[in-house]
Amino acid sequence: MATSSWGPRLSQSPVPAGEDGRSRALPAASPQPPRSRHDFAVVIVCAVPLEYDAVSLLFDLWWRGPSDRASVSSSTSSSSSSYGKAAADTNTYAFGRIGHHNVALTLLPGMGKVNAAGAAMGIKASFPHLQLVLLPGVCGGVPRVRDSKHEILLGDVLISDGVLQYDLGRQYPDGFVARATHRDRLARPNREIRTFLSTLGSQLGMERLQETSCNFLRDVQSAAKARGRRPCVYPGAAHDKLYRSDYRHRHHRGDPNCICHGWRQSSDPVCEEAFVSPCTLTNCGDEALVQRHRLELRKLLESKDVCADTQGFAVFMGRFASGDTVMKSAEDRDRIAAAEQVIAFEMEAAGLWDELHCIVLKGVCDYADSHKSKGWQDFAAATAAATTKAILELFLPTDSVSYESSVEKWDVRSSPQPSRVLHGKPCKS
């Protein structure tokens, strides 16, 4: 059995599977199926399918119902579970197990805080012993943590310690004014979650979290490859580009009659084609790129073909800005980040935060500017999924929910020693 310095580790296989990714039968000592929904204390909520698919790769096993032992060896989730749901609940769930926890996984009908709030009502109705809700996914990141030397890169994972609903305010004739806010504008999590977040934020807690997350990332990537899923490989440091905040995504060369060539200031329009074109087609120039120490280190590692070190991601904790508007403006990003001390922009947290004991964790897939693209979404979803499983490994279940506490009852496979990522340093194999 592989162990870490803080206790035994469970199997890191995403499902009970052989080396080829195919399901295999568990020994007779495998954990018993939960008796009812009362035995599920953790719910994971995903906003879009790519986030849902990434998380599903890290389930240790799936449940179909309390009497269905055969479901233990299944490698695919089932939405037709006999665990059911409350009459008022419109969500669809897949039921499984991650580490010590019985977990329900659900996918929102769409993005945004309204869909998230609707899901929250159903979750509260169906799971009376709920202790923790996780909202993993992708987000736009603020490039630098305020008042620190830490740089945020694409693929890093950000964890919420507070949520700001930044599109809540008043529209005046001369512009929009956000409501005066403070850290607790949206209700704080309960005491248990606050204590857990405080522990994670310590040097020891962050070290453990980043070590374990980096290890689980390799499991996500291996499982995706074995099952023919969407690849979630590291795109490469050369594709991690941060432009100056005043450098607009537009056509910089080409047709002189294009309105992009009349651009002089941030309020000037650009053509519709530029909105949907990548930087390679709009000729956004490298002369406007911001130089970053961590990124240069990654490029150096890539030149030495040290792949494991290159894809190592960092985990940061801070305040999230949540709203129904997709942030694609570097100047507005910087303005809100400076005023409200946020590190991430996303669209669902405000719908869950006030209603559930929630932790939001998102992989950075862009810099919330006009140059954003989808090229990093799969990798960012994978790093968030890996961190989700790492959090559950560190979050202790309570005695009020029945669970198998004996690690020896699991199908345990040996695993390599965890990698290290410390505050933005690349992981070491």
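The values are calculated or read from the model by the stated rules, or taken from the named source; none is laboratory data. Note that this is a predicted model, so its numbers are computed, not measured. Every residue, glycine as well, gets a Cβ built from its backbone with ideal geometry; the counts of neighbours run over all protein chains shown.
Quick look at the numbers
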read-out: Residues located in region 93-120, provided they are charged (D, E, K, R) and over 24 Å from Cys139 (Cα atoms); value: Arg97
read-out: Cβ pairs under 7 Å, 6+ apart, first in region 139-150 and within 15 Å of Ala321 (Cα to Cα), second in a loop (DSSP other than H, G, I, E, B) and basic (Lys, Arg); value: Gly140/Lys372
read-out: Positions within region 102-133 being within 14 Å of Val48 (Cα to Cα) and in a strand (DSSP E or B), in sequence order; value: Leu105, Thr106, Leu107
read-out: Within region 327-354, considering residues that are in contact with a Gly (Cβ under 6 Å, 6 or more places away or on another chain) and not in a strand (DSSP E or B), the one farthest from Leu289 (Cα to Cα); value: Met347
read-out: Meets criteria (surrounded by fewer than 17 Cβ atoms within 10 Å (Cβ to Cβ), under 29 Å from Ala349 (Cα atoms) and either aliphatic (A, V, I, L, M) or within 21 Å of the chain's Cα centre (by Cα) (or both)) for Leu204; value: yes
read-out: So Leu164, is it hydrophobic (A, V, I, L, M, F, W, C) and at pLDDT 95 or above; value: no
read-out: Index of the failed condition, Ser266 passing every other in (1) touching a residue at least 40 places away in the same chain (Cβ under 8 Å); (2) closer than 30 Å to Ala381 by Cβ; (3) of a type outside the set (Phe, Trp, Tyr); value: (2)
read-out: Meets criteria (over 30 Å from Ala41 (Cα atoms) and hydrophobic (A, V, I, L, M, F, W, C)) for Trp353; value: no
read-out: Test: residue in region 86-105 that is among the basic types (Lys, Arg) and at pLDDT below 95; value: no
read-out: Top-ranked residue of region 370-380 - restricted to ones that are in contact with a Gly (Cβ under 8 Å, 6 or more places away or on another chain) and of a type outside the set (Gly, Ala, Ser), ranked as nearest to Leu242 (Cα to Cα); value: Lys372
read-out: Unmet requirement for Gly140, which otherwise passes all of (1) closer than 14 Å to Phe345 by Cβ; (2) in contact with a Gly (Cβ under 8 Å, 6 or more places away or on another chain); (3) in a strand (DSSP E or B); (4) not hydrophobic (A, V, I, L, M, F, W, C); value: (2)
read-out: Test: residue in region 309-319 that is part of a loop (DSSP other than H, G, I, E, B), more than 19 Å from the chain's Cα centre (by Cα), surrounded by fewer than 23 Cβ atoms within 10 Å (Cβ to Cβ) and not charged (D, E, K, R); value: no
read-out: Within region 224-240, tally of residues that are of a type in the set (A, V, I, L, M, F, W, C) and either exposed (fewer than 13 other Cβ atoms within 10 Å of the Cβ) or under 19 Å from the mean Cα position of the chain (by Cα) (or both); value: 4
read-out: Residue, farthest from Gln265 (Cα to Cα), within region 319-362, restricted to residues that are acidic (Asp, Glu) and in contact (Cβ under 8 Å) with a residue 24 or more places away in the chain; value: Glu355
read-out: Hits in region 335-365 - residues which are surrounded by fewer than 23 Cβ atoms within 10 Å (Cβ to Cβ) and charged (D, E, K, R); value: Arg335, Glu340, Asp354, Glu355
